[in-house]
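The structure appears below as structure tokens.
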Amino acid sequence: MPESPALYPKIESFDQGYLKVSDLHTVYYEQSGNPTGKPVIYLHGGPGGGVSSHDRRYFDPSVYRIILLDQRGAGKSTPTAELKDNTTWALVEDIEKLREHLGIDKWVVFGGSWGSTLSLVYAQEHPDRVKALILRGIFMLRQSELRWFYEHGGASNIFPDAWDEYVKPIPENERDNFIAAYHKRLTGDNEEERIRCAKAWSTWECSTSKLYVDPVEVAKASEDIWALAFARIECHYFFNKGFFKTDAHVLENVDKIRHIPATIVQGRYDVVCPATSAWDLHKVWPEAQFEFMADAGHSAKELATTARLVQAADEYKTL
């Protein structure tokens, strides 16, 4: 797939570290760009996806102090794929601990997919610490969103070939609730079955994340360690309904952040996090900049989406 010309050049990090956030969990973080610049934190998707060097490139390195964080159990954070004490609220507090550890007063928060969920919840809990929000592929972990992508009758109608591979590890008599069926296997004692299910779960998402299927993205799901962390943590969160008390938690708390400058970028043909979620958020938060990308699916790496995200980050350089 072609690389967006809007991206900033590749850079190396100037600092890498590990922050112990609980008796069990230690999270990895890194910094790149301008050490004395304006802080921005990149919150990855999944949950469980982890960060990569590519994620630094949405931000002007001469202006921004770019902070990437591997959330609990993901990427280089330890223990890998650990589910104990791994909740939305724990991640929110990890972000705060990292902010304090790095001596940052306020920062721009950037997140897509699950990263948009976490960005929104973090901002709702700590609005005084957020200068602006850049959000992509809106996901609010509502049951309607989970049913669309992980159960019959939604995305399965658009990607029936990939769907057939997703359902293969699950017996016919358990196919009325795929999240529960996968959760049982991804948390079970059978290592071979865990890996097989992790790859099937991850391949389903990687196969559907772009308007044009990207073989490189799909191949990532064949990596045992990455697939296991991604699938286990993601399924754990979805099985537990995001650890929210209500299904519409994010929407119900939007009034706490309506004063914060924000940009919402949504692929019109996003199959993973369909556009109705972004539209629902837009309707209760009209102050935020909102734009549909007419030729994009879910991924931040699609050309139009990438360009708009870089533009948003450039717009907030003066904050």
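Look at segment 286-319 and say how many of its residues are in a loop (DSSP other than H, G, I, E, B), hydrophobic (A, V, I, L, M, F, W, C) and touching a Leu at 6+ places or on another chain (Cβ under 9 Å).
3
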(request) For LYS106, indicate whether it is in contact with a Lys or Arg (Cβ under 7 Å, 6 or more places away or on another chain) and open to solvent by 60 Å² or more (accessible area, probe 1.4 Å). (result) yes
(message) So for segment 246-265 (the condition being closer than 29 Å to ASN157 by Cβ, in a helix (DSSP H, G or I) and open to solvent by 50 Å² or more (accessible area, probe 1.4 Å)), does at least one residue qualify?
(response) no
(request) Working only within segment 143-164, note down all residues that are of a type in the set (Asp, Glu) and closer than 17 Å to LYS210 by Cβ. (result) ASP161
(request) Starting from residues that are among the polar types (S, T, N, Q) and in contact with a Lys or Arg (Cβ under 8 Å, 6 or more places away or on another chain), keep the ones in segment 264-293 and report whichever is nearest to GLU125 (Cα to Cα). (result) SER277
(request) Could you please tell me which pairs satisfy a Cβ distance under 6 Å, a separation of 6+ or placement on different chains, a first residue in segment 179-203 that is within 10 Å of PRO169 (Cβ to Cβ), and a second residue that is of a type in the set (Ser, Thr, Tyr)? (result) CYS197/TYR182; ALA200/TYR166; TRP201/TYR182
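I need the helices (runs of 4 or more DSSP H) fully contained in segment 128-243, keeping only those with at least 3 residues that are open to solvent by 10 Å² or more (accessible area, probe 1.4 Å), modelled with pLDDT of 95 or more and basic (Lys, Arg).
Working: elements: 143-150, 160-167, 178-186, 191-208, 215-220, 224-239.
The qualifying helices (runs of 4 or more DSSP H) are 191-208.
The values are calculated or read from the model by the stated rules, or taken from the named source; none is laboratory data. Note that the structure is predicted; figures quoted are calculated from it, not measured. When we count neighbours, we look across all protein chains shown, and the Cβ atoms used for this are built from the backbone with ideal geometry, even at glycine. Note: areas computed on protein heavy atoms with side chains; ligands, DNA, RNA excluded. Shrake-Rupley method; radii C 1.70, N 1.55, O 1.52, S 1.80 Å.
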